[in-house]
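Visitor: Would you mind keeping the following structure in view while I ask a few things?
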Amino acid sequence: MPLNEGRARNMRANRRVDSKPEIRLRKALHSQGLRFRKDYRMDINGLRVRPDIVFTRRKVAVFVDGCFWHVCPIHGRQPTRNEWYWTPKLRRNMERDRAADEALTDAGWTVVRIWEHEDQGAAVDAVIRALGAG
């Protein structure tokens, strides 16, 4: 039984895929004529990785990271309640991100990480640059 039913409902509402920043970026990339896979599962060296947007031919993987969940250096904050839960949880998220980046890079992929607060035009430009280099 959760300590707080309202909080439990909020946590269940957090989306793993199709967040608003992710949808905005996908629409912008699609309007540029770019085609991609979304939430594409890859098993690389025993590690399961699910980038938000994947350009398989060019080997470019794009992650749209939420500021709270991935501890943004600008907007990330340490929770003041239930630190016993949140501190290790957020640390694991960061470690998983680094492991995914390393596995993809070692396998010859280009990784693009975009924070949810980033300017849409800059995010699209970063992906297009990576596609040109990939």
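Visitor: What three numbers, in Å, describe the spread of the alpha carbons of segment 22-70 along their principal axes, ordered from the longest?
Guide: Dimensions of segment 22-70 along the principal axes of its Cα atoms: 35, 31, 12 Å.
Visitor: Of all beta bridges DSSP finds with both residues in segment 21-134, what is the antiparallel percent, to the nearest 5?
Guide: 55 percent
Visitor: Also, I was wondering about something else. Under a crude label model (7 Å from the Cα following the beta-carbon direction), how far is VAL17 from ALA133 in nanometres?
Guide: 2.8 nm
Visitor: In degrees, nearest 10, range 0 to 90: what is the angle between the Cα axis of helix 20-31 and the longest Cα principal axis of the chain?
Guide: Compared with the principal axis, the helix lies near 10 degrees.
Visitor: Work out how much length CYS67 to ASP106 would gain on full extension: take 0.36 nm times their residue separation and subtract the Cα-Cα distance, in nm to one decimal.
Guide: Values: separation 39, 0.36 × 39 = 14.04 nm, distance 2.59 nm.
Once the chain is fully extended between CYS67 and ASP106, it gains 11.4 nm.
Visitor: Return a whole-number percent for the relative contact order of the chain, with Cα pairs under 8 Å and 6 or more residues apart as the contact set.
Guide: On the way: 139 pairs, mean separation 32.7, N = 134.
Relative contact order, the chain: 24 percent.
Visitor: For the chain, what is the accessible area per residue in Å², given a 1.4 Å probe and the full set of protein chains?
Guide: Numbers: 8870 Å² over 134 residues.
Result: 66 Å² per residue.
Visitor: Give the carbon-plus-sulfur fraction of the accessible surface of segment 58-122 in %, rounded to a whole number; probe 1.4 Å, heavy atoms of protein chains only.
Guide: Here carbon and sulfur together make up 51 percent of the probe-accessible area.
Visitor: If each of LYS27 and TRP86 carries a label point 7 Å out from its Cα toward its Cβ, how far apart are those two points in nm?
Guide: Modelled inter-label distance: 3.0 nm.
Visitor: Also, I was wondering about something else. As I understand it, the value is the acute angle between the Cα axis of helix 120-133 and the longest principal axis of the Cα atoms of the chain; what does it come to in degrees, rounded to 10?
Guide: Helix 120-133 sits at roughly 50 degrees to that axis.
Visitor: Pop a pseudo-label 7 angstrom from the Cα along the beta-carbon direction at both ILE44 and GLU5 and give the gap in nm to one decimal.
Guide: 4.4 nm
Visitor: Another one. Helix 83-106 versus the longest principal axis of the chain: what is the Cα-based angle in degrees, 0 to 90, to the nearest 10?
Guide: In the chain, helix 83-106 runs at an angle near 10 degrees to the longest axis.
The values are calculated or read from the model by the stated rules, or taken from the named source; none is laboratory data. Because the structure is a prediction, the values reported are computed rather than measured. Positions of Cβ are backbone-derived with ideal geometry, glycine not excepted, and every protein chain shown enters the neighbour counts. Each accessible area value is taken on the protein alone, full model and side chains, heavy atoms only, with ligands, DNA and RNA left out. Shrake-Rupley method; radii C 1.70, N 1.55, O 1.52, S 1.80 Å.
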